[in-house]
Structure formats: C-alpha cells, structure tokens
1. For each of 209, 96, 139, count neighbouring Cβ atoms within 10 Å of the residue's Cβ, then give the residues from fewest to most.
2. Rank-order 167-176, 104-113 by packing density, defined as the average count of other C-beta atoms within 10 Å over each peptide's residues, highest first.
3. Could you list 135, 68 in order of exposure, starting from the residue whose Cβ has the fewest other Cβ atoms within 10 Å?
4. Given a Förster distance of 35 angstrom, what is the FRET efficiency for residue 163 paired with residue 69, based on the Cβ-Cβ distance and rounded to 0.05?
5. Pull out the extension gain between residue 171 and residue 50, defined as 0.36 nm times the separation in residues minus the alpha carbon to alpha carbon distance; nm, one decimal.
6. Please give the Cα centre distance for region 163-187 versus region 38-93, rounded to the nearest Å.
7. Between residue 37 and residue 134, 0.36 nm times their residue separation minus their Cα-Cα distance comes to what?
8. By count of other Cβ within 10 Å, fewest leading, how are 81, 53 ordered?
C-alpha cells in the first residue's frame, strides 16, 4: 500500500489511542476537581469562622453592653451572620472575659465570666444540635447558671487562671475572647493514589479572637 494511503489509518489509530487514554484518566481528573472544590469549601468556611470570631469580640468588648445580660444576644447575632454556614446545626461560640491580676509581682490572667451558645434553644427559637466542643481557653465545670449558657465561674482565691495572655496584661486590664467552632464534613473522604493525595480539613474548624 502506498504511504499516502496509510496516513488516514495512522491518524485514526492515534485518535483512538488518545480517546482510550482520556477515558482512563478522566475518573482521576474528576476526583481531583471534586477534591479541590471540597477543599475550597473548607477554606471558605474557615474564613467565615474567623470573621465571626472577630465580630463577636468586637461586640462583646463594647462598654455599652452588659455581657452578663447580652451574651446570648451577641452570640445569636454573630451566628446569624454566618451564612452560608449552618451555625444552628454545626456551630458553637464561646465568649470569655479575662482580667489581669497582679500578685507578688506576678500578673496572672484569670477568668471572670464565660458564656457559650445555649445548646438547648437559641435566642431565635431554633433547636441546637448539641454540638458543644470544649473551649480551648478554659473548661467550665458547671453550666448551671441562672441564664442558659452561663458558666458558674469560681471567684476570689479560686478564680481560674489561664495561660492566655498570662504576664502580658496589666493589673485590672480586661480582655474579651471569642471562640468559634464549626463541624465541617468533607463531601469526599481523603484519598491517595501514588504520589497524588488530597488534604483533610476538619472536622472541627476553630477560630479565636482577643479584643
């Protein structure tokens, strides 16, 4: 057969091989695309959580608001601005008031108040799922305050000292710490294939802001 007559056949063969190769690689490419989208969702959720903690700390630190009376209002407002995150079902927020206390030339950071999002019914009447990871600042031993979500913090000599800002606060200086948690579930479980692997994000995303 003359060379010029076999050229179309070689082109068809090359095209067939390319189609087979594409079909073999397509599932892996789709998995990688979906994994990237999943990771992007996690990054977006984390950025929103950071903004929520900043907003909460700003509201809590305003002198016009009495924290003991407005903690749940502040938390509810912060959670409501967390869209598209499902904060009612997957979120938790803590507000902690800390003061520097000087004693024998050493300044400690002690907890004055701590509040968490009421895990039974929030201020908008929606049932909260019960997702309640412990605060990373200080773990309250009793949430039996008169107002739901209020910690009974020991006072006086029994006031709990925490590591946060220890030795960095002036005597009597007060700071407000807001922690935000979110239970983020990736759509696809992480996987690896040779040198190719996907990252794990979550399941507990966390952000803390000190104001």
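Read-outs: derived from the displayed coordinates by stated rules, not from any lab. None of these values were measured; they are calculated from a predicted model. So basically every Cβ, Gly included, is an ideal-geometry build from the backbone, and we count neighbours across all protein chains shown.
1. Lowest to highest Cβ neighbour count: 139, 209, 96.
2. 104-113, 167-176
3. Neighbour counts put them in this order, fewest first: 68, 135.
4. Rounded to the nearest 0.05, the efficiency is 0.75.
5. In short, 40.7 nm is gained.
6. So the separation of the two Cα centres works out to 13 Å.
7. Full extension of this stretch gives 32.0 nm more.
8. Lowest count first: 81, 53.
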